[in-house]
Amino acid sequence: MPVLTCDHVSVRYKVGDFRNIGLKETVMRKLKGCYRVEEFWADRDITFSLERGDMLGIIGTNGAGKSTLLKAVSGIMSPSGGRVEHEGNISALLELASGFDPDLSIRRNAYLRGAMLGYTREFMDEKYEEIIDFAELRSFEDRSFKQLSTGMQSRLAFSIASLVQPDILILDEVLSVGDGAFAKKSEEKMREILRGGATTILVSHSLDQVRELCNKVLWLHQGRQIDFGETGAICDRYQTFLHGEIVL
Amino acid sequence: MLSKHRFLFEELVKRDFDRKYKGSFFGAAWSVLNPLLTLLIMRVVFGHFFGSAIPHFTTYLFCGTVVFNFFAESSSEGLMALISNAPIFTKVNVPKYLFLLSKNMQTLINFAITLSVFFLFCAIDGIVFTWKFLALIYPIIMLLVFNLGVGFLLSALYVFFRDMQYLWAVMTQFLLYVSAVFYSIDTFSDRVRNAFLLNPIYLFIRYSRKVVIDSAIPSPGFHVLMAADTLAVLLLGIWVYRKYDTEFLYYI
């Protein structure tokens, strides 16, 4: 019984239509006779399914449609074609730092971000101290968010996001954050969540990481699905492709 | 639905409130100062022309500005509701309409503050408070729903059509002049006066003046007309919003 199924999922962007270029450009282009709408398929006919506890690595060069696919799977975007079906709650950690308000205090930001991730107020009341301790921001509590360094901001974001034990976890290159010591700590925390049995989708540019963690791999190239299946064989092929030995 | 997102809603309202007054010296006191200063200017400028002909001119004017400002503020904030929160809903799966509800909640709080000042002014102006004031709940609820409908419509259109911001500013200005905020339509011909009934904003203003100044409750037909306008705008807004709901992401 699959936990997550993507059935011929496609996401199409339109480039150069009225809503994209505005009224004036549309009229100008129509007058000049060069008005045309181009369709751009960020993902086309992506089909795969995951069982409970699977770890899927999505690989592919820039512009392969990896991030768009994650948005479709996590429900942020609804696909132009095909269906996504899943069981249980999804936690998507796409860009950790999004949704914070630079002028609010750390506490308010933590609550705001927690609310966005679907936590309850009671849960945040209970976990707030833990978040601050884990992020090692105890002495900065009174500062506003913008007064934190970028590393500190991502530490806070990570600490909030990693509180959950989701059924399905979606990660876009955020296995660890921060400097040396914190990077180690956060990676350990993430591995702990993974060991908890979450079905995970991981986008990574580190092929070693994918080989180590994932039991399945989805290879995308310019929106098309090149392959889906066992990690070893696909990673080998992908590596030869990266070295220019095969051409798609 | 609302209980599930209640926490997020509350945090968004607080955030929007803080954002609005961030860095200003008087802070939330502007919720009171702003309408009062508008009122003062209008009283000085138009009092000369219409002051003697309209009884309780200060209250008359205040009825107009309190209603109009609530509408103008809600619609202009509503316009920005989606775009200003785009960095959030492109990365986190949250119900987007919450951003609009939060903006409207904030303008409602502002409105409530202004309203209490308004009643204070009524007392000073020698207005007699009667049980009929309770009828004001009707236009207030209608206006709130009306604002939501306009917000749904504008926020959706603004995603696709960035000129909307400037068009709406002009439209608001136009509405201010045709809503009889600072003049009376009593001397106009019947045809022109009936034409004013086509303007929903005027209906809200007129209702409040009827109750507050004339101590009368408008006719049932007036209530129906107001409800029809409000419902039409709400349905149009929700229809447009839902039609494009899944496409917002492609254009941000």
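Brief remarks on what is shown
- Calculated FRET efficiency, residue A:107 to residue B:53, Cβ-Cβ distance, R0 = 60 Å: about 0.60 to the nearest 0.05.
- Distant-in-sequence amide H partners of residue A:43 (H built 1.01 Å from N, under 5 Å): A:11
- Dipole size of segment A:100-165 about its Cα centre, with +1 on Lys/Arg Cβ and -1 on Asp/Glu Cβ: approximately 240 debye, rounded to the nearest 20.
- Qualifying trypsin sites (Lys or Arg not before Pro) for segment A:52-82 [loop in DSSP, other Cβ within 10 Å: at most 15]: A:52
- Charge tally in the Cβ shell below 9 Å around residue A:202, where Lys, Arg are +1 and Asp, Glu are -1, residue A:202 excluded: -2
- With at most 14 neighbouring Cβ atoms within 10 Å, loop GluC sites (Glu not before Pro) (DSSP) excluded, longest segment of chain A: A:142-244
- Mean separation of Cα contacts under 8 Å (6+ apart) over length of segment B:29-175, as relative contact order %: 34
- Antiparallel DSSP beta bridges within the protein assembly as shown, as percent of all bridges there, nearest 5: 55
- Shielding by other protein chains, B:12-19, mean Cβ within 10 Å: 3
- Chain lengthening between residue B:172 and residue B:115 when straightened (0.36 nm per residue, less Cα-Cα): 18.4 nm
- Look at A:210, B:224 and count the other Cβ atoms within 10 Å of each Cβ; fewest to most, that gives B:224, A:210.
- Dipole axis of segment B:28-251 (+1 Lys, Arg; -1 Asp, Glu on Cβ), positive-most option in B:83, B:29, B:53: B:83
- Relative frequency of Cα-Cα separations exceeding 19 Å in segment B:100-198, percent: 63
- A Förster distance of 35 Å, applied to the separation of the beta-carbon atoms of residue A:206 and residue A:122, puts the FRET efficiency at 0.40.
- Among B:212, B:192, the ranking by other beta carbons within 10 Å of each residue's beta carbon, starting with the fewest, stands as B:192, B:212.
- Debye, to nearest 20: dipole size of the protein assembly as shown, +1 on Lys, Arg Cβ, -1 on Asp, Glu Cβ: 1560
- Residue exposure sequence - A:86, B:48 - by fewest surrounding Cβ within 10 Å: B:48, A:86
- Largest GNM mean-square fluctuation across A:220, A:96, A:117, computed for chain A with C-alpha springs under 10 Å, falls on A:117.
- Loop trypsin sites (Lys or Arg not before Pro), segment A:117-189, which have at most 14 other Cβ atoms in a 10 Å radius of their Cβ (DSSP): A:143
- Charge dipole (debye, nearest 20) of chain A; +1 at Cβ of Lys and Arg, -1 at Cβ of Asp and Glu: 1120
- Whichever lysines have a C-alpha closer than 18 Å to that of residue A:71, once near sequence neighbours (fewer than 8 apart) are set aside: A:14, B:91, B:96
- Between segment B:1-58 and segment A:155-229, the alpha-carbon center distance in angstrom: 47
- Of the residues B:131, B:44, B:68, the one whose Cα sits farthest towards the positive end of the charge dipole of segment B:43-163 is B:68 (charges of +1 on Lys and Arg Cβ, -1 on Asp and Glu Cβ, taken about the Cα centre).
- Contact order relative to length of chain B, as percent, for alpha carbon pairs under 8 angstrom and 6 or more apart: 28
All of the numbers you see were taken from the coordinates with simple rules; none came from a lab. Predicted model, so just to flag it, every value in this text is computed and none were measured. All Cβ positions, glycine included, derive from the backbone under ideal geometry; neighbour counts span all protein chains shown.
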